Every structure is written in structure tokens, then in C-alpha cells.
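J.: Have a look at this one before I ask anything.
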Amino acid sequence: MHVVGVMFTCYLVGHFAASALIKDQPALHPMGGAVGLIFGMMLETTLFIIRTTQLEEKQAKQRSKKAARKQGGPPLSAARDASKGNSEVTGSVPKDSEELDAVRQELIELAGRRKEGADSSATSGGSVMRRRSVRQYGGD
């Protein structure tokens, strides 16, 4: 429907432009409208090609994602972490409950190690700050 609207609008613009430019030959006014109509068709064709190309690219990405999921590739979070250089996250999607429990246990241990490291750095940083303030201000 919008194609017909654009073509009609371009015809009218071409017709009135030709009538404003060529006043002594009214037979050429419809020719100006025809030129506008052709311009409108070319415009709609170009827009159709752009829309179709974008739609095809989007569908191809969706198909590749579905194929990767069917082949049992790594989960998205693991792939994202691996792309950031985190070497601790590797492997594929667990297939049964035993594998899932093993992965869960590894994650719990990893989180515990990271938390211990964060706690030790926080306490040592706090004590350094406390020592500085004692020296600087002469407190207790």
C-alpha cells in the first residue's frame, strides 16, 4: 500500500514540477509525472533491497546460533568469559546430573578461592590504611 502512495505522490510532484517549469506545452506535464512515478518506483525498489538484505543477515545469524546450540557448544556465559581471556572457564554443556554436580562444585570452589583472595587483600589494605593514619595523625 505504501508503494502505491509513494508512486502517486511522486507522480503528482513530477506533474506539478513540469507544469511550473514548462507552461507553454501542457502535453509535457504528464511526462513530468511519469518521470516522478519512475523515480518513486526506483526509490521503493532500493528500499526493498535494503530491507531484504538486513532481514536475510538477521535470519542467518539466528540460524547459526540455533546450529551452535544443537551441536552442544559452550553456554553463552562460558563463551563470553573465554573470549575475555578467562582460561578457567572451558568445556561444553553438562549432559547429565553427575556432570552438572561436578561443574557446580568446581564453581563453588572457584568462588571460595576468589572470595578468600578478596578478603585477604581487603584486610591487608585496611591495615595499611590504619597504619598510615596512626603515623600521620598520631592516633592510637
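The values are calculated or read from the model by the stated rules, or taken from the named source; none is laboratory data. Note that the coordinates shown come from a computational prediction; the quantities given were computed from them, not determined experimentally. Cβ: placed from backbone, ideal geometry, glycine included. Neighbour counts: every protein chain shown. Surface accessibility is based on the protein's heavy atoms, side chains included, excluding ligands, DNA and RNA. Shrake-Rupley method; radii C 1.70, N 1.55, O 1.52, S 1.80 Å.
J.: Consider PHE39 carefully, then state whether it is in contact with a helix residue (DSSP H, G or I) (Cβ under 7 Å, 6 or more places away or on another chain), open to solvent by 70 Å² or more (accessible area, probe 1.4 Å), at negative phi and modelled with pLDDT of 80 or more.
T.: yes
J.: Next question, about the same structure. Go through segment 48-86 residue by residue and tally those that are at pLDDT 90 or above and either open to solvent by less than 70 Å² (accessible area, probe 1.4 Å) or not in a helix (DSSP H, G or I) (or both).
T.: Matching residues across segment 48-86 total 2.
J.: Given the condition at pLDDT 55 or above, among the basic types (Lys, Arg) and either open to solvent by less than 80 Å² (accessible area, probe 1.4 Å) or assigned to a helix (DSSP H, G or I) (or both), answer yes or no: does some residue in segment 87-105 qualify?
T.: Among the residues of segment 87-105, at least one is at pLDDT 55 or above, among the basic types (Lys, Arg) and either open to solvent by less than 80 Å² (accessible area, probe 1.4 Å) or assigned to a helix (DSSP H, G or I) (or both), which makes the answer yes.
J.: Before we move on, is ARG135 surrounded by 11 or more Cβ atoms within 10 Å (Cβ to Cβ) and modelled with pLDDT under 80?
T.: So ARG135 does not fit the description; no.
J.: Conditions: (1) part of a helix (DSSP H, G or I); (2) surrounded by fewer than 17 Cβ atoms within 10 Å (Cβ to Cβ). ALA18 meets all but one. Number of the miss?
T.: (2)
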